[in-house]
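Student: Got a structure for you, written out below as structure tokens; questions coming shortly.
Read the figures in this text as sums done on the coordinates, not as results from a lab. Everything numeric here is computed off the predicted structure, so don't read it as measured data. We place every Cβ from the backbone using ideal geometry, glycine too, and count neighbours over all the protein chains shown.
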């Protein structure tokens, strides 16, 4: 299946996490329309994860955002998500789902392209709490890898609005960088 058109992809992606859970509803309200929520919440039991997904998906859709779930495509379809997020080999081939691959290097970007992913989240661009101690790719290496990807790339890792502007990259994602209240 060929990837979707680049113009169909949101520019801003909010990833859910245990540490940003309390701020997610407010963050979804602040995002520009046609953004996306990537629901992860790995820390919850299956029943609590499903319940939290339902609440956040309703809020996200109420603000015009796409809703992506981290997990198997069958789970995404069962829960009524717009897409699936994860390693390229786990994305499946459903034409009904937007498929967003995780990637950290050129090998994983190539795997994402071969799997027919609609886009890849390349991380970490900058140092981040999610990959404590890991060195970020930095703007130059990120751009070099993205240029070789052969599919749309979403910048992830230490991203916020100021870094996205500095990076001059149209599509970016964040956990803390979008869930924290804006600074005056």
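Student: Could you give the length gained on full extension between residue 168 and residue 23, defined as 0.36 nm per residue of separation minus the Cα-Cα distance, in nm? Intermediate results must be reported in sequence, preceding the final value.
Tutor: Details: separation 145, 0.36 × 145 = 52.20 nm, distance 2.64 nm.
My answer for the length gained is 49.6 nm.
Student: I need the calculated FRET efficiency for the pair residue 30 and residue 8, taking r as the beta carbon distance and R₀ as 25 Å, to the nearest 0.05.
Tutor: Numbers: r = 23 Å, r/R0 = 0.91.
Computed FRET efficiency for residue 30 and residue 8 comes out at 0.65.
Student: Also, I was wondering about something else. Rounded to the nearest 0.05, what FRET efficiency do residue 180 and residue 144 give with R0 = 30 Å and r taken as the Cβ-Cβ distance? Could you check? Don't skip to the answer; put the middle values down first.
Tutor: Numbers: r = 29 Å, r/R0 = 0.98.
The pair residue 180/residue 144 has a calculated efficiency of 0.55.
Student: Once fully extended, how much extra length lies between residue 54 and residue 127, figured as 0.36 nm per residue of separation less the alpha-carbon to alpha-carbon distance? Walk me through the numbers on the way to the answer.
Tutor: Values: separation 73, 0.36 × 73 = 26.28 nm, distance 3.15 nm.
Length gained, residue 54 through residue 127: 23.1 nm.
Student: Same structure again: Starting from 0.36 nm per residue, how many nanometres of slack lie between residue 134 and residue 78 once their C-alpha separation is accounted for? Before the final figure, lay out the partial values.
Tutor: Numbers: separation 56, 0.36 × 56 = 20.16 nm, distance 3.52 nm.
Taking residue 134 through residue 78 to full extension adds about 16.6 nm, to one decimal.
Student: Can you give the calculated 222 nm mean residue ellipticity of the chain, where each DSSP H run of n ≥ 4 adds -39,500 (n - 2.57) and the sum is split over every residue, rounded to the nearest 500 deg cm²/dmol? Walk me through the numbers before you get to the answer.
Tutor: Working: 7 runs with 62 residues, N = 184.
So the calculated ellipticity at 222 nm is -9500 deg cm²/dmol.
Student: Under 20 Å from a point 7 Å along the Cα-to-Cβ line of residue 43: which residues of segment 67-88 have their amide N that close?
Tutor: Counting only backbone N, you get 69-71.
Student: Suppose a student asked you for the relative contact order of segment 9-179, using Cα pairs under 8 Å spaced at least 6 residues apart; what percent would you report? Working shown, then result.
Tutor: Working: 340 pairs, mean separation 32.9, N = 171.
Once normalised by length, the contact order is 19 percent.
Student: In what sequence, highest mean first, do 150-156, 49-55, 83-89 appear when ranked by Cβ atoms within 10 angstrom?
Tutor: 150-156, 83-89, 49-55
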